[in-house]
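Here the structure is laid out as structure tokens; the discussion comes afterwards.
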Amino acid sequence: MPTPRIEIEYCRQCRFILRATWMAQEVLMTLGEELGELALIPGKGGVFVIRLDGEELFSREKEGRFPESKELKRLIRDRIAPELPLGHSDY
């Protein structure tokens, strides 16, 4: 399995797929050169969890909200390529 691997698990029942695909696009456009794989994983029960190589980075259930795009990109960048500038997302 290529690494780093990002997983976005989203609730099918809640139709979180649009948010999941948008988040995937944002991550790929900003950090695509640094990633090995990005997977969208259908789930249920209101799930929206983002993992990096199996480690949970963000959980909608735990945080009580969805992640902001720049927040998510920072979380990933800080673990896989801390020296990489994110442009306007760094501010």
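Residue separation of ARG65 and ARG79 scaled by 0.36 nm, minus their Cα-Cα distance, works out to 2.9 nm of gained length. Computed from Cα positions, the angle between helix 17-31 and the longest principal axis of the chain comes to roughly 10 degrees. For ARG12, the residues whose amide H sits under 5 Å from its own are GLY43, LYS44, ignoring neighbours fewer than 5 places away on the same chain, with H placed 1.01 Å from N. Partners of LYS44 within straight-line reach, counting aspartates and glutamates whose Cα lies under 19 Å from its Cα and excluding those fewer than 8 residues away in the same chain: GLU7, GLU9, GLU56, GLU61, GLU63. Taking a point 7 Å from the Cα of ARG12 along the Cα-to-Cβ direction, the residues of the range 40-54 with backbone N closer than 19 Å to it are 40-50.
For the range 27-86, applying the loop criterion from DSSP together with a ceiling of 13 other beta carbons within 10 Å to the trypsin sites (Lys or Arg not before Pro) yields LYS44, ARG65. Taking Rg and Dmax of the Cα atoms in Å as calculated from this structure, the corresponding entry among (1) 14.6, 53; (2) 12.5, 38; (3) 20.0, 58 is (2).
For the range 11-40, trypsin sites (Lys or Arg not before Pro) are listed when DSSP marks them as loop and at most 15 other Cβ atoms sit within 10 Å of their Cβ; the list is ARG12, ARG15. In order along the range 35-48, the Karplus-derived 3J(HN,Hα) couplings, from 6.51 cos²θ - 1.76 cosθ + 1.60 at θ = phi - 60°, round to 9, x, 6, 9, 10, 9, 10, x, x, 8, x, x, 5, 8 Hz, and Gly and Pro are given as x. Only helical runs count toward this figure. For the chain, summing -39,500 (n - 2.57) over DSSP H runs of n ≥ 4 and dividing by all residues gives -10000 deg cm²/dmol at 222 nm.
Every number here is computed from the coordinates shown, using simple stated rules; none is lab data. Because the structure is a prediction, the values reported are computed rather than measured. Virtual Cβ from ideal backbone geometry, glycine too; neighbours counted across all protein chains shown.
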